[in-house]
Amino acid sequence: IPFSDPIADGPTIQAATVRSLKAGTRPRMVLRMVEEIKQETHVPIVILSYYNPIFRMGLKNFFEEASARGVDGVVVPDLPVEEAGEYKEFAEAYEVDTVFLAAPSTSTERMKRIMDYTSGFLYLVSVFGVTGARENIQDVTVETIRKALHFTQRRVPLAVGFGVSKPEHVRQVLESGADAAIVGSRLVKVIEENLGDEEKMVEALREHTRKLKEATL
């Protein structure tokens with residue numbers, strides 16, 4: 001769900017957000033898209049939104065509609081667990097999983113609290129900084145994965161994002177113990193590079209996703 005101030009995102013997703021807002025994309029449109037997609041697949045769908053659009057829609061209204069449309073989980077990168085009590089209650093009431101983020105700098109005490117609040121999976125931010133494709137997986141990422149596994153104890157899946165863009169990145173984070181790799185900016189870049197040709201865009205996305213998937217096997 002696009003928002004005008006995507007503080008956790010780098011230039012690629014920021015540019016996509018501007019395009020999306022200019023095109024008139026609104027939260028309820030995204031939720032209707034989920035419903036359409038769910039008619040074709042049973043793959044779980046997790047949406048990402050900053051907190052402001054959810055707050056403006058109203059927690060009850062948002063989760064009621066999200067649940068009815070088939071949303072399985074929600075990531076809100078700018079909502080700290082310390083302020084997420086009511087949010088979590090509505091998510092649970094409408095059986096939508098919560099997904100909270102942890103970073104390399106997250107303290108032991110805070111990690112414990114995050115684990116109490118996240119029900120879908122733990123979204124592990126692999127590096128310091130914002131989203132965006134990077135050349136290599138850093139040593140701090142591997143160490144952060146090991147640290148996070150100590151807290152998850154496999155109670156929820158561990159997914160690693162921020163800077164994951166290539167098949168070799170996917171392979172490395174999975175070999176380090178993660179359950180999933182999150183690729184965002186690279187796929188958004190593929191869309192950006194093919195804006196004038198929808199057929200070519202879909203094929204490029206399919207090909208890149210295929211290579212990423214092969215790295216998980």
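Taken together, the values in this text are just the output of simple stated rules run on the coordinates, not laboratory data. Since we're looking at a predicted model, the values are computed, not measured. Methodologically, a virtual Cβ is constructed for each residue, glycine included, from the backbone with ideal geometry; neighbour enumeration extends over all protein chains shown.
Just one of (i) 21; (ii) 29; (iii) 18 is percent of Cα pairs over 31 Å apart as worked out from the coordinates here. Which one is it?
(iii)
Could you pull out every residue, at least 5 positions away or on a different chain, whose amide H is within less than 5 Å of the one on Val75? Hs are placed 1.01 Å off N in the peptide plane, and Pro or chain starts have none.
For Val75, whose amide H was placed from the backbone, the distant partners under 5 Å are Ile47, Leu48, Ser49.
Answer rounded, prolate or oblate for the stretch 138-213, using the Cα gyration tensor with square roots of eigenvalues a ≥ b ≥ c: rounded when a/c is under 1.5, else prolate when a/b is larger than b/c, else oblate.
Values: a/c = 3.01, a/b = 2.67, b/c = 1.13.
Taking the square roots of the gyration eigenvalues as a ≥ b ≥ c, the stretch 138-213 is prolate.
Along Cα→Cβ, 7 Å out, is where each label goes; now give me the distance between the ones at Asn194 and Lys147 in nm to one decimal.
3.8 nm
What FRET efficiency comes out for Asp5 versus Ile37 if R0 is 22 angstrom and r is the Cβ-Cβ distance? Round to the nearest 0.05.
Given R0 = 22 Å and the Cβ-Cβ separation, E is 0.25.
Need one word for the stretch 1-128: rounded, prolate or oblate. Basis is the Cα gyration tensor (sqrt eigenvalues a ≥ b ≥ c); a/c below 1.5 gives rounded, then a/b vs b/c decides.
Judged from the Cα gyration tensor, the stretch 1-128 comes out oblate (a/c at least 1.5, b/c at or above a/b).
Rounded to the nearest 500, what is the 222 nm mean residue ellipticity of the chain from helices alone, with -39500 (n - 2.57) per DSSP H run of 4+ residues and division by all residues?
-15500 deg cm²/dmol
How many lysine pairs are close in the stretch 11-185, with Cα atoms under 25 Å apart and the two 8 or more places apart or on different chains?
For the stretch 11-185, the number of qualifying lysine pairs is 7.
When a footprinting reagent is the concern and you count Cβ atoms within 10 Å, what order do Phe151, Phe3 take, fewest first?
Lowest to highest Cβ neighbour count: Phe151, Phe3.
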